[in-house]
Amino acid sequence: QVQIVESGGGLVQAGGSLRLSCVASGNTANINVMGWHRQAPGKQRELVAACNRGGNTNVDDSVKGRFTISRDNAKNAVYLQMNSLRPEDTAVYYCNAKDLGAQYGYWGQGTQVTVSE
């Protein structure tokens, strides 16, 4: 089993920055992709950004140029630097870690990000 712990959410004004951190522990040897998803009230969970073990990234168009995902394989960690935050970025942000070849991954408990006007 893999345990996922996220941290770094909070309340920030529009234009501000936050950095989210996620660490995976347990049976992490087969983890390939780690990434961030978010879910706003009344909306479906959506991918924000993901990074595989080789460093290849996939970033949603809505956050390109504002959010940066980075990975530390040695620490089984993934980070999301969020700049120029907007009220529409308000959501619960979830970290996901997926084993190589797996269809589903492991989820963290989520961290709330609230951006005020």
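The values are calculated or read from the model by the stated rules, or taken from the named source; none is laboratory data. Bear in mind that the values here come from a model prediction, so they are computed numbers and not experimental data. Positions of Cβ are generated from backbone atoms using ideal geometry, with glycine treated the same way; all protein chains shown enter the neighbour counts. Quick note on the areas: whole protein, heavy atoms, side chains included, nothing else; ligands and nucleic acids left out. Shrake-Rupley method; radii C 1.70, N 1.55, O 1.52, S 1.80 Å.
Observations on the model:
- Relative contact order computed over the chain (Cα-Cα under 8 Å; 6+ residues apart), in percent: 37 percent
- Order of exposure, largest accessible area first, which applies to K98, K64 with probe 1.4 Å: K64, K98
- Against the rule of thumb 2.2 N^0.38 Å, how large the Cα Rg of the chain comes out: 1.00
- About the centre of its Cα atoms, the chain shows a dipole size close to 160 debye [charges on the beta carbon of Lys, Arg (+1) and Asp, Glu (-1) only; nearest 20 debye].
- Cross-link partners of K64 among lysines, defined as those whose alpha carbon lies under 21 angstrom from its own and excluding same-chain residues fewer than eight positions apart: K43.
- 3J(HN,Hα) from dihedral phi, region 101-109, Karplus parametrisation 6.51/-1.76/1.60, rounded to Hz, x for glycine, proline: x, 7, 7, 10, x, 9, 10, x, 7
- Gain upon complete extension [W107, R19; 0.36 nm per residue less C-alpha separation]: 29.8 nm
- Taking θ as phi - 60° and the Karplus parameters 6.51, -1.76 and 1.60, the scalar couplings of region 78-92 work out to 9, 10, 10, 8, 10, 10, 6, 5, 10, x, 6, 7, 4, 4, 8 Hz in sequence order, x denoting glycine and proline.
- With q set to 0.15, 0.27, 0.32 Å⁻¹, the log10 of I(q)/I(0) for region 1-52, from the Debye formula over equal scatterers at the Cα positions, is -0.56, -1.21, -1.25.
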